[in-house]
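The values are calculated or read from the model by the stated rules, or taken from the named source; none is laboratory data. Please read all numbers here as calculations on a predicted model, not as lab measurements. As a convention, Cβ positions derive from the backbone with ideal geometry for all residues, glycine included, and neighbour counts pool all protein chains shown. Side chains are part of the model used for accessible areas, which takes the heavy atoms of the whole protein and leaves out ligands, DNA and RNA. Shrake-Rupley method; radii C 1.70, N 1.55, O 1.52, S 1.80 Å.
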Amino acid sequence: MNRGSLGIEKIKRSNWIMQTLAETWFLFTNWKYVVPLAINLSGSAVYYYTLSSADITIAVPITNSLALVFTILGGMLVGERPPTRTELIGMSCIVLGVALCVTS
């Protein structure tokens with residue numbers, strides 16, 4: 001979403017209402033901002049649905065730990081740098097831990 005908001009600082013309007021409207025229009029007409037925002041919001045919806053329908057002692061640790069994995073993968077989809085070797089090892093450990101939680 002940082003990359004999608006590049007250029008917003010160049011928007012200058014005469015009063016704060018027009019400034020807010022211009023910035024909002026800029027952000028919501030920019031797919032580089034809207035797509036990551038939509039993915040993030042849909043992830044939040046899935047999180048709350050999971051909390052309401054699953055065992056909370058399993059759902060909370062799984063969703064909180066997988067948030068990092070999905071953030072890194074989502075960043076790669078929008079052109080951010082690929083994960084480092086250390087981050088890949090960390091993501092693998094997270095996924096392995098989640099698999100252990102689910103299967104036990």
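Have a look at S52, S42 and point out the one that is at pLDDT 85 or above, on the phi < 0 side of the Ramachandran plot and in a helix (DSSP H, G or I).
None of the others qualify; the one that does is S42.
Taking interchain pairs and intrachain pairs at least six residues apart, which have beta carbon atoms under 9 angstrom, with the first residue in region 17-28 and free of Cβ contacts under 8 Å to residues at least 12 places away in the same chain and part of a helix (DSSP H, G or I) and the second surrounded by fewer than 12 Cβ atoms within 10 Å (Cβ to Cβ) and not small (G, A, S)?
Here the result reads Q19/K12; A22/K12, each pair linking region 17-28 to a residue that is surrounded by fewer than 12 Cβ atoms within 10 Å (Cβ to Cβ) and not small (G, A, S).
Could you run through region 1-54 and say how many residues are acidic (D, E) and open to solvent by less than 70 Å² (accessible area, probe 1.4 Å)?
Within region 1-54, the subset acidic (D, E) is 9, 23.
Add one more test, that the residue is open to solvent by less than 70 Å² (accessible area, probe 1.4 Å), and what stays is 23.
Number satisfying all stated conditions: 1.
Considering only residues that are aliphatic (A, V, I, L, M) and open to solvent by less than 90 Å² (accessible area, probe 1.4 Å), which ones fall in region 69-88?
V69, I72, L73, M76, V78, L88
In region 89-104, what count of residues is obtained for those that are of a type in the set (A, V, I, L, M), under 24 Å from P36 (Cα atoms) and surrounded by 14 or more Cβ atoms within 10 Å (Cβ to Cβ)?
2
How many residues are assigned to a helix (DSSP H, G or I) and either touching a residue at least 12 places away in the same chain (Cβ under 8 Å) or of a type outside the set (A, V, I, L, M) (or both) if we restrict to region 57-90?
20
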